[in-house]
Amino acid sequence: MGYIVTDPTVLAATVVVVSVVYFILRGGHDPREPPLAPSSIPIIGHVVGLSRRGFNYYVDLSERTDAPIFTMSLPGQKMYVVTKPELVQVIQKQHKTLAFPPIEAKFASTVCGASLEAKAILAKNVNGDEGDFGLSMDSYAAMRAALKPGPELDDMNSSMLLEIVEALDKLEPPKGESRNLGMYGWLRGAITTATTRSVYGPMNPYNDKSVADAFWEFEAGLMSILVGVLPAITARKAIAARTKVSKAFEEYYNKGGVKLGSAYAKNRYQSEADNNLSLEDIARFEVGGSIAVLVNTAPAAFWTIVLIYSQSDLLSDIRKEVDACTETTTDDKGSVTKALNINTLKEACPLLLSAYQEVLRYCSMGTSVREVMEDIYVGSFLLKKGAMVQMPSRVIHQDASLWGASVKDFNPRRFLREEKKNRPGDACFRAFGGGKTLCPGRHFATNEILAVVAVFIARLDISPANGSWDLPTTHNTNIAATVMEPDNDIKIQVQARHGYEGVQWVVNLHHSEKIFALVTEDHIDEE
Ligand code: HEM
């Protein structure tokens, strides 16, 4: 039964209460702050918009607000959303006042189910305000050191490439036969195996398929863990899956598996042990750490392959590039071996590289986040302590004033050298974030994606099982992903490429120093 309030006093009192609550919830709005974004429903309008439209909601608001930064008042949280790359650069430089580590510490503690002791250790000097010490500061430095181009990254790359070639060897059907499979499912499995073996070494906990499956179950339920409403009921499956993965990591550390792992795994472990985290908490944090390592590479490889194969002219042009830099040898018995070198691909396959970068522009939906630690002006706008700053890549990647009228199209030639005058500066490419939180795994991920895609193109003919390349929707993309995840898989038919049956394939990468400079920071490093 519904109620209609007719008493004017009650009505007036209700209006006053609602207005006060609304004012408190949105924390008031100072005219010096960025302009308020319009909201069709008071109080919960943006929550509804975000849940309906996901990261596209920021694009909608940015088109309606037409300001370099705007304010979104969410119940209990004020948020500033940055829409212009120049302002992003200003914000990234203020990394102590507009800080990321405090947000990451809260996120990691909740998502990983850390103990109270671990939370306290992580919270100590979280933002590095007292100097360069503590778990938060040490683990950033440890990860970055291991993933930068050099011998340690070379080791990870070579182990990853062996796994990728082995997975493709198993995938390729014998001459005259074909195989049907779900493309995303296959790619995610192959990339999970290749990536985690190269990170964790021969005793990799994800060697056990049930542990890998549990990780993806945990990932699918991340939101329920983060929301935290009656988690024992709403997040039961995700928490059980997380426990399974963290127990597998405990066993890995107990048996000394990390000694055989990559510098990345060793550095992470050492920085946590040096800061007195218990083994249980180190294992818990590793489950969270796997999110950054695993969730974006498979969807990026998926979209690159689908978008290339679905355009036959593009496939043919990229095949010519890849074929031209493939070395062929034939032994005494007539066996043919073809070798692809990733460094050569980076120099000799401009269209492949441009298509890959365009996939990241077109499909990325991540947002760099900062917490306002003190009131601060950016440009002429006042940002208030306690608010969050969001810098969604999608808003900048979908801005026609930057990318031109074709911004909504997938244009694989957009990043060719000769197209430079038709696209904005490198700072507008935000697929890997930027500044202090720039993805340190971008070189590894790029090598892995280029290897998978180039070998697919060179050795396999694939076609959609139902006859047409219907691109899946992406509404259910996970909160932690920065590349759109397909809502459903595409069933494909795989055959050995005509004329290439029975060929042995080898993929090399001699030194990772030759990077594919994707982001503005890479160009600065090169100078
Ligand atoms: C195509 C694949 C990938 C994409 C698009 C991607 C993108 C990103 C983005 C957008 C961020 C956050 C940046 C920000 O907040 O400004 C990030 C962070 C991170 N990524 Fe990646 N990433 C990928 C693959 C990888 C891989 C394979 C690894 C590890 C081997 C990795 C390691 C990390 C780490 C450790 C962080 C956290 C950095 C921090 O907390 O400061 N990423 N990544």
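The values are calculated or read from the model by the stated rules, or taken from the named source; none is laboratory data. Only a predicted model underlies this, so the values are computations on that prediction, with no experimental measurement involved. Please note: Cβ atoms are built from the backbone with ideal geometry, for glycine as well, and neighbour counts cover all protein chains shown. With ligands, DNA and RNA removed, areas are computed over all heavy atoms of the protein, side chains included. Shrake-Rupley method; radii C 1.70, N 1.55, O 1.52, S 1.80 Å.
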Zone residues, region 107-123, relative to I233, backbone N less than 11 Å from point 7 Å out along Cα-to-Cβ: none
What distance in nm separates the two pseudo spin-label positions at K124 and A405, each 7 Å out from Cα along the beta-carbon direction? 6.1 nm
For the table K96/K385; K106/K259; K148/K514; K148/K266; K93/K436, the rows whose alpha-carbon distance is greater than 20 Å are K106/K259
Total charge of the residues flanking R497 in space, meaning their Cβ is under 13 Å from its Cβ, with Lys and Arg +1 and Asp and Glu -1, is 0
For region 306-432, size of Cβ-based charge dipole, Lys and Arg +1, Asp and Glu -1, in debye: 420 debye
Between R497 and S335, what length comes free when the chain is fully extended (0.36 nm per residue of separation minus the Cα-Cα distance, one decimal in nm)? 56.7 nm
Result for region 329-397: accessible area per residue, probe 1.4 angstrom, in square angstrom, of 36 Å²
Using only the Cα atoms, what convex hull volume per residue in Å³ does the chain have? 185 Å³
Would you work out which of N207, A232, L222 lies farthest towards the positive end of the dipole of region 198-244, given +1 charges on the beta-carbon of Lys and Arg and -1 on that of Asp and Glu, about the Cα centre? A232
Dipole check, the chain, charges on Cβ (K,R +1; D,E -1), about Cα centroid: among T304, M391, L416 the Cα furthest to the positive pole belongs to M391
Label D30 and H95 with points 7 Å out from Cα along Cα→Cβ: what is the distance between them in nm? 2.6 nm
Give me log10 I(q)/I(0) at q = 0.21, 0.24, 0.26, 0.30 Å⁻¹ for region 73-127, Debye formula, one equal scatterer per alpha-carbon, no solvent. -0.91, -0.98, -1.01, -1.10
Within the chain, which whole H helices from DSSP have a Cα span along their axis of at least 20 Å and a mean Kyte-Doolittle hydropathy of -1.0 or more, if any? 8-25, 151-171, 183-200, 236-254, 279-294, 442-459
Report the charge-dipole magnitude of the chain in Debye, nearest 20, computed about the Cα centre from +1 at each Lys and Arg Cβ and -1 at each Asp and Glu Cβ. 900 debye
Cβ charges +1 (Lys, Arg) and -1 (Asp, Glu), total dipole of region 280-343, debye: 160 debye
19 Å Cα-Cα reach of K170 towards lysines, excluding residues that sit fewer than 8 places from it in its own chain: K209, K338, K491
